[in-house]
Amino acid sequence: MSQAVPVDAVPVDIESKNKHRSVLLPLLLLAQLPSIVWFTLQSTANPLVSSFPFALVIVGWITVRHFIQARERWKFEHLLLVFFNILFFVGAMFRGSAWLACVGVSFSIIAWALSRRDWIPLRTVAAVAVLLALMVRLPPYVQSAVDQSWHSTIASQSSAILHAAGFLHFVDVEGVHLAEQVVDDRYFRGGAASPWVLLLTCTGLVMFLRRSITHHFLLLAGTLGIGLMTSVGATVFGIMMVHWTGIDFSSGTAGVFWRLDWLIAGVAMIWCVDHIVLLLCAPIPLMGETVTGRKVPLGGADEIIRDSEECKSGNSFTDAWNRWVAPLPPVYQVSSLAPAEVKLSEREDSPTENDAASTQDFVSRTELEQVRSAGLLGLTSVVSALMLIVQFVQYFRVGG
Amino acid sequence: MDEDQDSRGREVNRVRRRRVREFTGGQNSFLDGVQPFTQLSPLPNLDKSRRDAAEAAVNWFYSRDLSLFYPSAPLLLAVTLFFLASGWGETNSDPSTRLADFKDALQLAIQSEDHEQQHLCLSALGQIEPSNSSYAIQEADLYLTENRPTKALQVLGRYVDPVRSGSPDARLWLLRQTLNNKDVFGLTREDVLTQLHAVLRESRGNREAARTLARVYMMTREWQLAECALQDAANHSPDLNLNLLKLQIVLERPEEIRSETARLAVAGLEALIAEQPHKQDVITRLAEAYYLNGDPQAARDLLNRSYQRDNDETLARSLSRMETMIAEDLIKKSAAFCDVVCSGLLRAIELNPRNLRAIKALLDVSRMNCVIPPDRLSESLEFYRQRAIASDATEQDVITVVWLHDLRGEYEEAADLLQKQLETSPQFLRYNTELLIKAGSGGKASLLAESELAKIRRKQGENPGDIRLKRQLAEILLSLERPSEVIELLAEDFSNVEMAPTADTAVLALYGEALVEYFDQQTELSGLILQRNVAAMPKVSDRLHGRRLIRLLTTAISTVKGEARNPIAMESIDRLVRLVMSRSPAADDAMRTLNSLRAEGSCSLDILNTLSAFALDLKRYDEAVSWLEIASHTARNSNPGILNNLAIALVRSQPAKPVKALEYANEAIRLMPDHADLLSTRGEIYIALSDWKKAEADLRKSLALRSDRSKVHRMMADALRGQGELDQARHHQNQALKLERGIAGQQAAL
């Protein structure tokens, strides 16, 4: 049975030398910040993701706070991801695509998260990956088609309901045409009320509540359904309100509050779905074997999960369920979003013997790393500077 | 090592026993006393993995916390509501329901003139039925009424895309608007052509597109392209051969091509009228096709029948136009038809009082000494009088009133009216003088003309080379009956007419007119030929004098370059014929001149007609027969007027030849049925043949068409007397007497 590497086991001098390495990736990410900003600015034109700049800040802050205290340990595959980042960056600059650059950035962020794999549960890393996927989304032309399809589905559903309710109207690219005015219905269901924001919120909740990957995907599916319902509801009621009160809830301050209301409704429904999924995915209690061979519960689920090695049930199905499907007990305090305690003994994230061996190798190679890290810092600084210059030239030209 | 294991096993057993006790709550159970090492698994026969699975499933089931299900209640409610609403929407808003709802709403919006609602409904209908462009056209129309052409174009956008497929109807609507109101959409000629080609690509042989395309090409004088466009369209719609034929006439295509097109046009339109017998447009077009195919009688019959059946104003106008065209053709054929033409033109004016063309033609005919009953022009006069006093009256309206007064013999009114126009239109001075002379105010006319003459002479002194002033001067001198001065004025320009081919035709005509008038003065004919007066003969002192006079007339004819039916040529021929008929010393020379002119071919038929007309009027029937036989041969027996005159000459000659005359009369009636003159001629022949009943039938028909001829009443009296119906004969005799008295009164008044 493998043993986790205690935090205290890492020599202080190695940690201090490792500081050089710790700033390499943030430097690389900061160098690509213009691409992220440019892509974000481009996204604001799309009502479905116009609230992403706010979501980006919040989610980024949560992620950083979640990972910042964990120490990193680099392996070949992580460096490969960084290499992909550089490759995508070069491609992005040639194609003039901010989206491609952001895909590259997401590789580096995943590499950064994976490098803390020893201290951070896999589900959290997976949630970060999902967050990144939601942020970056699909290639712009595919995304545009998907968005269009989404809008037409919602417009068709809401139009059918409105027509059945006796509202004479028609829908085209300009929005919903009523006798008195034309309303851009995309803003009834866009912004904060967008399904993308709901999906982001859902992933944030999963991260916060330490739900399993299975739970996460079930919840995402449910959230998509909720997005459909809230979008149809927001559109139908929005148009009814325009007709009855004359107030256009698709724009202005009224629009902001309208969308926030629908976001709250959506989050409430996500909470409901989470509970239903939790009913299915709750951990199976461990059973002790009685003298007669019967199994009896040994205690509460949380206690059993924490007490990993001592409370292994011996039942592979139960163990697998509790490892991949059941949520972990929350470790956040209400007062802070930072993890209150990070257990290295969590089952799904316990480092393996190989990991331990690698750690030992890492310690033994420290001297060599010390020499290399200084040169690497210089190289990274030069690359970052080049990246910044290329981006400014590219986007200035494209923007101009 | 073994001891360790034993102790460990004991410890485990101890723990297990304790847990069993705890599990049973200290109560004894069937498990108590069971050896802990003994395997009492509930699933003893299963292997470990299956047992684990079963255990996990059972544990999963019994460990569910059902209280977690409670928060799902609001979600379930929301989901249920959502599905119910969606289902309700899908059921109650299928396209057919929407279509019906929007159509109802559109009708209401149209009734209440709610434009916003109309726009909404039309846009929605267009979206539900995207292949139906009528909604977009309706909406574009609505936008145009709101003076928003850009929006109209935007609405039509996808239907009038120049590259991709669209809607022919929408394209044609756009073209109609563009061609009717050029700046509304700002389309260029290229845009129009692109749209037209797109329509023809999407709807092959589209009538309207082909016609519009031809029209566009004709506007830019691309005749061959226009002809090709119409030819293509005519292949699909044979009735469009009529449009093609009109173009071919303009382009002077060979006769065989035109006649083939005319035949196809007639066939196509006859097929069309079989399907739509009451469609006025088709009736009118078929009549046009008959006319252009050389069958004006069929055209008139068709329009007559349709007019009598439908009593429609459009058909009346078409019939009026047709009568005018037939009359114009007839008068071109022979002056002998002037009564027939007059009758036709009067009918045309009665059918359509605003028919200006007919009024103008009647004015020309009136100069051939036709009798025009004034009351038949009353309606037209009233119409144009109203037009002339309206705020938007034009000069033409006033002149038309003058013409109508002139035609009605109201010369004073005509002259008064025209005098007001002289300041702005001095070209009417001569006409005004004529009117004043006719009104018996010759002195006033002379004073007026002299005053104008002095003014123009002053101007001419300042600018001697001004041809316009010379023309005005010539006109005034002619109105003052001073042709010698006109000849003197223009002689230097036209001493040799043949050498002045590029001369101003109007001035040339004045020169010719002056020559004829000078001839009249020299032969004492002036003032004697106001009405057709066959007794007025020129006085020639000797042969040499005669030759000088004949030279004047031949020069006059040459000024109009041998143009057939030209008034100057006709007057010159008239004077030459009078010289021949007068048997004066210049008669032989005049005859030779006429023969020479006939040999040139341009006025041959006019000369023969005039000769025969004089011979008939002078009752020299044998002479008339000889001229008319030549004329009939020249006209290939297709001129009903010549045939009619020939029949009259034959029946009245001594000895009479009524059988031969009947043949000619029948042929004339075949060519022009239901004509009063031709019918009365045949009636006369039947009287000569003592076939009273047939005579009565023809004469009755003739009187039904025209009842104001005393001679026909007399013949009718003869025919009735021949059958022993003396009372009726007396009645017609009285009618004849009454009419003759009326004519005598009119002549006395004149």
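The values are calculated or read from the model by the stated rules, or taken from the named source; none is laboratory data. Source: prediction; values computed, not measured. Note that each Cβ is placed from the backbone with ideal geometry, even for glycine, and that neighbours are counted across all protein chains shown.
Please determine whether any residue of the range B:444-464 is in a loop (DSSP other than H, G, I, E, B) and either over 23 Å from B:Ala509 (Cα atoms) or modelled with pLDDT under 80 (or both).
Yes, because at least one residue in the range B:444-464 is in a loop (DSSP other than H, G, I, E, B) and either over 23 Å from B:Ala509 (Cα atoms) or modelled with pLDDT under 80 (or both).
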In the range B:43-59, residue farthest from A:Ile276 (Cα to Cα) [restricted to those that are among the acidic types (Asp, Glu) and at the interface with chain A (Cβ under 8 Å from one of its Cβ atoms)]: B:Asp52
Residue match in the range A:239-249 (condition: within 14 Å of another protein chain (Cβ to nearest Cβ) and closer than 16 Å to B:Leu81 by Cβ): yes
Those residues of the range B:686-724 which are part of a helix (DSSP H, G or I) and among the small types (Gly, Ala, Ser), in sequence order: B:Ala688, B:Ala695, B:Ala697, B:Ser702, B:Ala704, B:Ser710, B:Ala717, B:Ala719, B:Gly722
Scope the range B:285-312; condition part of a helix (DSSP H, G or I) and polar (S, T, N, Q); matching residues: B:Gln297, B:Asn304, B:Ser306, B:Gln308
Matching entry among B:Thr194, B:Thr212 (being β-branched (Val, Ile, Thr) and surrounded by fewer than 17 Cβ atoms within 10 Å (Cβ to Cβ)): B:Thr194
Among (1) over 43 Å from the mean Cα position of the chain (by Cα); (2) under 27 Å from B:Arg652 (Cα atoms); (3) charged (D, E, K, R); (4) assigned to a helix (DSSP H, G or I), the one test that B:Arg551 misses: (2)
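Here is a yes/no grid of residues against (1) surrounded by fewer than 17 Cβ atoms within 10 Å (Cβ to Cβ); (2) of a type in the set (D, E, K, R):
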site	(1), (2)
B:Pro277	yes, no
B:Tyr291	no, no
B:Arg300	no, yes
B:Asn304	yes, no
B:Gln308	yes, no
B:Asp312	yes, yes
The range A:172-182, residues that are at the interface with chain B (Cβ under 8 Å from one of its Cβ atoms) and under 36 Å from the mean Cα position of the chain (by Cα): A:Asp172
Of all residues in the range B:467-502 being at pLDDT 75 or above and part of a loop (DSSP other than H, G, I, E, B), the one that is farthest from B:Asn432 (Cα to Cα): B:Arg482
Every residue from the range B:60-92 that is at the interface with chain A (Cβ under 7 Å from one of its Cβ atoms), assigned to a loop (DSSP other than H, G, I, E, B) and over 23 Å from A:Gly227 (Cβ atoms): B:Ser63, B:Arg64, B:Asp65
Matching residues, the range B:361-396, being charged (D, E, K, R) and within 23 Å of B:Ala327 (Cα to Cα): B:Asp364, B:Arg367, B:Asp375, B:Arg376, B:Glu379
Qualifying residue in the range B:709-716 (condition: among the hydrophobic types (A, V, I, L, M, F, W, C) and in contact with a Lys or Arg (Cβ under 6 Å, 6 or more places away or on another chain)): no
Search result, residues across the range B:94-105 that are surrounded by 14 or more Cβ atoms within 10 Å (Cβ to Cβ), within 10 Å of chain A (Cβ to nearest Cβ) and not basic (Lys, Arg): B:Asp101, B:Phe102, B:Ala105
Hey, A:Phe188 among the aromatic types (Phe, Trp, Tyr) and closer than 30 Å to B:Ala109 by Cβ or not: yes
The range A:210-238, residues that are away from chain B (no Cβ under 14 Å) and within 30 Å of A:Ala254 (Cβ to Cβ): A:Gly238
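Do we have B:Ser203 as out of contact with any Phe, Trp or Tyr (no Cβ under 9 Å at 6 or more places or on another chain), among the polar types (S, T, N, Q), surrounded by fewer than 17 Cβ atoms within 10 Å (Cβ to Cβ) and in contact (Cβ under 8 Å) with a residue 24 or more places away in the chain here?
Considered against the rule, which asks whether it is out of contact with any Phe, Trp or Tyr (no Cβ under 9 Å at 6 or more places or on another chain), among the polar types (S, T, N, Q), surrounded by fewer than 17 Cβ atoms within 10 Å (Cβ to Cβ) and in contact (Cβ under 8 Å) with a residue 24 or more places away in the chain, B:Ser203 comes out as no.
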Residues (exposed (fewer than 13 other Cβ atoms within 10 Å of the Cβ) and either under 27 Å from A:Ala160 (Cβ atoms) or among the small types (Gly, Ala, Ser) (or both)) located in the range B:55-93: B:Ser67, B:Ala73, B:Leu76, B:Leu77, B:Thr80, B:Leu81, B:Phe83, B:Leu84, B:Thr91
Criterion violated by B:Tyr217 - all others in (1) at negative phi; (2) surrounded by fewer than 20 Cβ atoms within 10 Å (Cβ to Cβ) satisfied: (2)
Members of the range B:595-606 found to be surrounded by fewer than 23 Cβ atoms within 10 Å (Cβ to Cβ) and part of a helix (DSSP H, G or I), listed by number: B:Asn595, B:Ser596, B:Leu597, B:Arg598, B:Ala599, B:Glu600, B:Ser604, B:Leu605
Conditions (1) more than 21 Å from B:Phe82 (Cα to Cα); (2) more than 24 Å from the chain's Cα centre (by Cα); (3) buried (at least 21 other Cβ atoms within 10 Å of the Cβ); (4) not β-branched (Val, Ile, Thr); number of the one not met by A:Arg186: (1)
Some residue of the range B:393-401 being without any contact (Cβ under 8 Å) to a residue 24 or more places away in the chain, in a helix (DSSP H, G or I), of a type in the set (S, T, N, Q) and touching a helix residue (DSSP H, G or I) at 6+ places or on another chain (Cβ under 9 Å): no
Cβ pairs under 7 Å, 6+ apart, first in the range A:155-168 and closer than 17 Å to B:Leu84 by Cβ and at the interface with another protein chain (Cβ under 9 Å from one of its Cβ atoms), second of a type in the set (Val, Ile, Thr) and assigned to a helix (DSSP H, G or I): A:Gln157/A:Val232; A:Ser158/A:Val232; A:Ser158/A:Thr235; A:Ser158/A:Val236; A:Ile161/A:Val236; A:Leu162/A:Val236; A:Leu162/A:Ile239
Verdict on A:Ile284 being in a helix (DSSP H, G or I), within 14 Å of another protein chain (Cβ to nearest Cβ), buried (at least 23 other Cβ atoms within 10 Å of the Cβ) and more than 18 Å from the chain's Cα centre (by Cα): no
Of the criteria (1) in contact (Cβ under 8 Å) with a residue 40 or more places away in the chain; (2) touching a strand residue (DSSP E or B) at 6+ places or on another chain (Cβ under 7 Å), which one B:Pro168 fails: (2)
Qualifying residue in the range B:397-409 (condition: within 20 Å of B:Leu477 (Cβ to Cβ) and under 36 Å from the mean Cα position of the chain (by Cα)): no
